[in-house]
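Report on one structure; see the data block that follows.
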Amino acid sequence: QVQLVESGGGLVQPGGSLTLSCAASKSVFNFYAMAWFRQTPGNERELVARVSSGTLTTYAESVKGRFTISRDGAKNMAHLQMNNLTPGDTAVYYCAADTATRLYWGQGTRVTVTS
C-alpha cells in the first residue's frame, strides 16, 4: 500500500504562483512514475504533469512553460510548482504514484484562481 497526502492548495489571484506538495509513504524513487492530475466538476480527471523514474517529464499543453514537476527523494515527496496561474487552472489537484501495476491517489487539494 502507498499513501499519498497533498498539500499547498488554496486561493490565488491570476498571475500568481502556488507550489503543491505530495508526501508519499514510500520512497518516490520506488515508483515507476509520479504525476499530478486535476479535475473540475463534470469533467474527467486530466493529466497535468508526470515525471518518470528516469526523470523524464511530460506536461499537458495547457501548462507547459508554467508548471514544473519534481521529486525529492530525500523527503519522499513530489512537488508541482505552478506559475502564472489563470482561472482555467482552477481545479482539485491529485497526486498519483504509478507502480506499473496500479495507480495510487491522494485525496486531492483544491486550487482556486480568481481575482
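The values are calculated or read from the model by the stated rules, or taken from the named source; none is laboratory data. Note that the structure is predicted; figures quoted are calculated from it, not measured. Note that we place each Cβ from the backbone using ideal geometry, even for glycine, and neighbour counts take in every protein chain shown. Heads up: the accessible areas ignore ligands, DNA and RNA and are worked out on the full protein's heavy atoms, side chains in. Shrake-Rupley method; radii C 1.70, N 1.55, O 1.52, S 1.80 Å.
Phi angles of region 48-56 translate, via the Karplus equation with coefficients 6.51, -1.76, 1.60 and θ = phi - 60°, into HN-Hα couplings of 9, 7, 8, 10, 7, 5, x, 6, 6 Hz per residue; Gly and Pro are given as x. Our coupling estimate for region 24-40, obtained by passing each phi through the Karplus curve with A = 6.51, B = -1.76, C = 1.60 and θ = phi - 60°, is 9, 7, 10, 4, 5, 7, 7, 8, 4, 7, 10, 8, 10, 10, 9, 8, 10 Hz, Gly and Pro reported as x. The calculated FRET efficiency for Asn76 paired with Glu44, based on their beta-carbon distance and R0 = 22 Å, is about 0.15.
Rounded to the nearest angstrom and listed largest first, the equivalent-ellipsoid semi-axes of the chain from its Cα gyration tensor are 23, 14, 13.
With R₀ fixed at 22 Å, the C-beta to C-beta distance from Thr19 to Ser53 puts the FRET efficiency at about 0.50. Scanning residues 5 or more positions from Tyr32 or on other chains, those with amide H under 5 Å from its amide H are Asp98, Thr99, Ala100, with H placed 1.01 Å from N in the peptide plane. For the chain, the carbon plus sulfur part of the accessible surface works out to 50%, probe radius 1.4 Å. Normalised per residue, the accessible area of the chain is 51 Å², obtained with a 1.4 Å probe and no contribution from ligands, DNA or RNA. Charging the Cβ of each Asp and Glu at -1 and of each Lys and Arg at +1, and nothing else, the dipole of the chain about its Cα centre rounds to 160 debye.
Considering only beta bridges that DSSP places wholly inside the chain, some 95 percent are antiparallel.
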